[in-house]
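The values are calculated or read from the model by the stated rules, or taken from the named source; none is laboratory data. Because the structure is a prediction, the values reported are computed rather than measured. All Cβ positions, glycine included, derive from the backbone under ideal geometry; neighbour counts span all protein chains shown. All accessible areas refer to the heavy atoms of the entire protein, side chains included, with ligands and DNA or RNA removed. Shrake-Rupley method; radii C 1.70, N 1.55, O 1.52, S 1.80 Å.
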Amino acid sequence: MTDLIRMTATAIVEGLRSGDITPLDCLDALERRVAGVDGKVNALPTLCFDRARTQARQIMAKPPSERGLLAGLPVPIKDLADVAGVRSTQGSPIFKDRIANTSDLLVTHLEGNGGVIYAMSNTPEFGAGAHTFNEVFGATLNPWNTRMSASGSSGGAAVALATGMAWAAHGSDLGGSLRNPASFCGVAGMRPSPGRVAASVFSKIDSTLGVEGPMARNVEDLALLFDAMVGEEPADPLSLPSDGTSYLKAARSGWKPKRVAVSRDLGLPPVDPAVAELVLAAAAKLEAEGVIVEEAHPDLKETRECAQTLRALAYSNMRPLLDQHRGLLKPEVVWNIEKGLSLTGAEIARAEAQRGDMFRRMRKFFETYDLLLCPTTIVPPFPVEQRYVAECNGVTFESYVDWLMIVHAITLTCSPAISIPCGFTSNHLPVGLQVVAPGRGEAKLLAGARFIEQVLGLGAITPIDPRS
């Protein structure tokens, strides 16, 4: 069982396809690992192994050619999505006892490709804030030091990966929610271009800020899960048809970027000097491999105003919950909803115009550079008792999301981005490198990230046992 836990997702799937491993073997190994580890980190508060075993047996009854890309690989789902018959809470006391009647689109798509759902991963209330804690399940702890935050909002997924309670995991991202926890936990998390992964439509039919995406322990495993997530679904009008690209093959292609840009802060300070130093050191290692590396970044100066406005606009859709359950919502969510409800038409129009300008500048920037490198998070993991980062390098922030602008900026430009491990602080806490590619350039992104991962030698640093 221990050997299975330490295998890569790609190796597990190869074993599932050959018949050397069964989905039930995987579930047995995971159940034992969760029982032994999760009490120390609180990553997977809701388990559904009985449901998973039923699904696994259904997959095993099919011919090998009909078992899908994942062939029975178990995958946890972030507790912002619904899984039929499973407790699905959104991390909120409002829904603490809710059992979902139907599954969200991304779940049915994954299951159709041979994924087996066995757990819900912890998240902040409604995914708000890059620190995974809520009033239903409590805080998720960083396995590199359980006194520290795992970040968020896909914190439970990242910790499950880092501790061997998952081989690959679902996450979602608006303001870095896939990338931030990957950085804090020493794993990989990718925000795809809007439309790559089909998602259920709720209040806004044409949203391009929030996306669903893959997380894993390394780039190849992430690409494997991404292959099972992409594709058109009629229930999502923005979903893109698959063009036949194998993202796993792309990651393995051996492509090497010719020219990359590196930025210590994207022109959006502050950044902790220790984080900036590790990012620049990683870029220097690429230069030693013959890659042209230049310090540069596109003009993204409108990020804070634009991100705050459009994020608040998205939260304004939660007005019914504010009206009916204000006392059950955490103060940061209340603040974001009220900010959204106070927006004027002129403010919204200005933010949309700013976003368009940044999108065009980013596209122009990538006419010169293959990839853009920068920090994923502006600080290393912080104490779990803090609700959010309130200060960095002498700068005090005004809100709970101001420290996330370095990831928000990439969201606004619709560029795909991945966080991979970049190094460790003097306290042996992970720091992530954010790698960004042109819009819809996931194949190039994954190939480049795999090359960088190999150069840095940090593709096999997990799973670990939790440390205090």
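So the values come out like this:
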{"item": "Whole-percent carbon and sulfur share, accessible surface of segment 299-458, 1.4 Å", "result": "50"}
{"item": "Protection proxy ranking, peptides 326-336, 285-295, 165-175, average beta carbon neighbours within 10 Å, highest first", "result": "165-175, 326-336, 285-295"}
{"item": "R0 of 60 Å, Cβ-Cβ distance HIS325-ASP20: FRET efficiency to nearest 0.05", "result": "0.75"}
{"item": "Peptide ranges 213-222, 189-198 listed from the most packed, as the mean C-beta count within 10 angstrom indicates", "result": "213-222, 189-198"}
{"item": "Cα gyration tensor category, rounded, prolate or oblate, for the chain with a/c compared to 1.5", "result": "rounded"}
{"item": "Lys, Arg +1 and Asp, Glu -1 on Cβ, resulting dipole of the chain about Cα centre, debye, nearest 20", "result": "240"}
{"item": "Rounded percent of accessible protein surface that carbon and sulfur make up, segment 1-83, 1.4 Å probe", "result": "49"}
{"item": "Percent RCO, i.e. relative contact order, over segment 68-186, from Cα pairs under 8 Å lying at least 6 residues apart", "result": "26"}
{"item": "Set of aspartates and glutamates near LYS339 by C-alpha distance (under 20 Å), chain-local residues within fewer than 8 positions excluded", "result": "GLU125, GLU302, GLU305, ASP323, GLU347, GLU352, GLU398, ASP402"}
{"item": "Average accessible surface area per residue within the chain, 1.4 Å rolling probe, Å²", "result": "36"}
{"item": "Normalised contact order of the chain, rounded percent, pairs of Cα under 8 Å and 6 or more residues apart", "result": "17"}
{"item": "Cβ-based charge dipole, the chain, positive-most Cα from SER65, ALA296, ALA160", "result": "SER65"}
{"item": "Residues whose placed amide H lies under 5 Å from that of VAL86, excluding near-sequence neighbours", "result": "ALA100"}
{"item": "Set of lysines near LYS40 by C-alpha distance (under 27 Å), chain-local residues within fewer than 8 positions excluded", "result": "LYS78, LYS96, LYS330"}
{"item": "Computed over segment 402-443: relative contact order in percent, which uses C-alpha pairs under 8 Å that are six or more apart", "result": "38"}
{"item": "Most to least packed among 116-123, 8-15, 369-376 [average Cβ atoms within 10 Å]", "result": "116-123, 369-376, 8-15"}
